[in-house]
1. Rounded, prolate or oblate: which one fits the chain, using the alpha carbon gyration tensor with axes a ≥ b ≥ c (rounded when a/c is under 1.5, else prolate when a/b beats b/c, else oblate)?
2. Could you state the accessible area per residue of the chain in Å², with a 1.4 Å probe and every protein chain left in place?
3. Of Tyr52, Tyr133, which has the most accessible area with a 1.4 Å probe, and how do the rest follow in descending order?
4. Taking Cα pairs under 8 Å and at least six residues apart, what relative contact order does segment 203-248 come out at, in percent?
5. Treating only the Cβ of Lys, Arg, Asp and Glu as charged (+1, +1, -1, -1), what charge dipole size does segment 75-160 show about its Cα centre? Round to the nearest 20 debye.
6. Where in the chain lies the longest segment free of trypsin sites (Lys or Arg not before Pro) that are both loop residues by DSSP (not H, G, I, E, B) and have at most 12 other Cβ atoms within 10 Å?
7. Do the alpha carbons of any pairs in Lys66/Lys240; Lys66/Lys124; Lys61/Lys223; Lys124/Lys144; Lys211/Lys240 sit beyond 21 Å of each other, and which pairs?
8. In deg cm²/dmol and to the nearest 500, what is the mean residue ellipticity at 222 nm of the chain if only DSSP H runs of at least 4 residues count, each as -39500 (n - 2.57), divided by the residue total?
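The values are calculated or read from the model by the stated rules, or taken from the named source; none is laboratory data. What you see is a predicted model; the values in this text were computed from it and never measured. Neighbour counts are summed over all protein chains in view; Cβ atoms, including those assigned to glycine, are modelled from backbone coordinates with ideal geometry. Accessible surface is based on the protein model in full, side chains and every heavy atom, while ligands, DNA and RNA are left aside. Shrake-Rupley method; radii C 1.70, N 1.55, O 1.52, S 1.80 Å.
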Amino acid sequence: MSEAVHKLDVSLPDSSAPADSKIDHAASIRYWSSLPSTSSNMLGMLGQYPWYSRIELQGSKNFLSKVRRLLPAVPAGGQFHQGVDCGAGVGRVTEGFLRHVCTVVDAVEPVAKFTQVLQESQLKKDGVVGDIYTVGLEDWYPGKQYDLIWTQWCVGHLTDAQLIQYVSRCRDALTETGIMVVKENLSTAPNGLDMYDEEDSSVTRTDAKFKLVFEQAGMNVIKSEIQTGFPKNFKLLPVKSYALRPKV
Ligand SMILES: C[S@@+](CC[C@H](N)C(=O)[O-])C[C@H]1O[C@@H](n2cnc3c(N)ncnc32)[C@H](O)[C@@H]1O
């Protein structure tokens, strides 16, 4: 199966054209819309293993704590006020992690049946989920400032140019002490290139490509970390978190 965690390390790259030139947004939306709206489906074939999501969410929590210790202006144990879950799906990350570190979490997600789940959720009724934008990240123009912009397992649906523009818009939408985190799979293609996956029409980028994108978007990587704790026998793609702050 496709894009997220779920990816087993077996993809063969087609080097004839840049991987991102094959991205077809309509095909991605068709793919995701064809799946039932459950948290486990956000994780593809690994969704059948509840431990997988637990380990992954705990890894995010630990990573964010380490990032906060690097930024003295951010109170170590305190809440972020305004967060946003980008490429939120049905809110797995908000439910399992972001709601514990942010007072309010907005959501950006292009698949209407997923945002409908969020709209009708208890978290929305409780005011933990704030504004919900049913739109792809390539068309999202943040209308407010965020303390935490969390973007996970979805930027493979954006072309390189769209990703640079998106990260740059996020840079401008961070509060003075705000942090952006991008958490994604990494390409392990032997030729060192990004890999295209036709199942969900997405790309898996190399670490070098992510660094180039962040540089071009005017962001510094203040911390990065490979997710640990997954069983080795699953042969998953590496999952890396990057914490970004605007270049000064
Ligand atoms: C692997 S799921 C991850 C969902 C969530 N971030 C999580 O970790 O549980 C990928 C998500 O990306 C969404 N997606 C597809 N195209 C997108 C786009 N252009 N912009 C933002 N998200 C997109 C899909 O609808 C799906 O909800």
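1. Working: a/c = 1.36, a/b = 1.20, b/c = 1.14.
The shape class here is rounded.
2. Using a 1.4 Å probe on heavy atoms only, each residue of the chain averages 43 Å².
3. Values: Tyr52 0, Tyr133 65 Å².
I get Tyr133, Tyr52, largest accessible area first.
4. Numbers: 40 pairs, mean separation 19.4, N = 46.
After rounding, I find 42 percent.
5. Details: 6 positive and 11 negative charges, 54 e Å.
I would put it at about 260 debye.
6. That gives 1-143 as the longest site-free run.
7. Lys66/Lys124
8. It lands at -8000 deg cm²/dmol.
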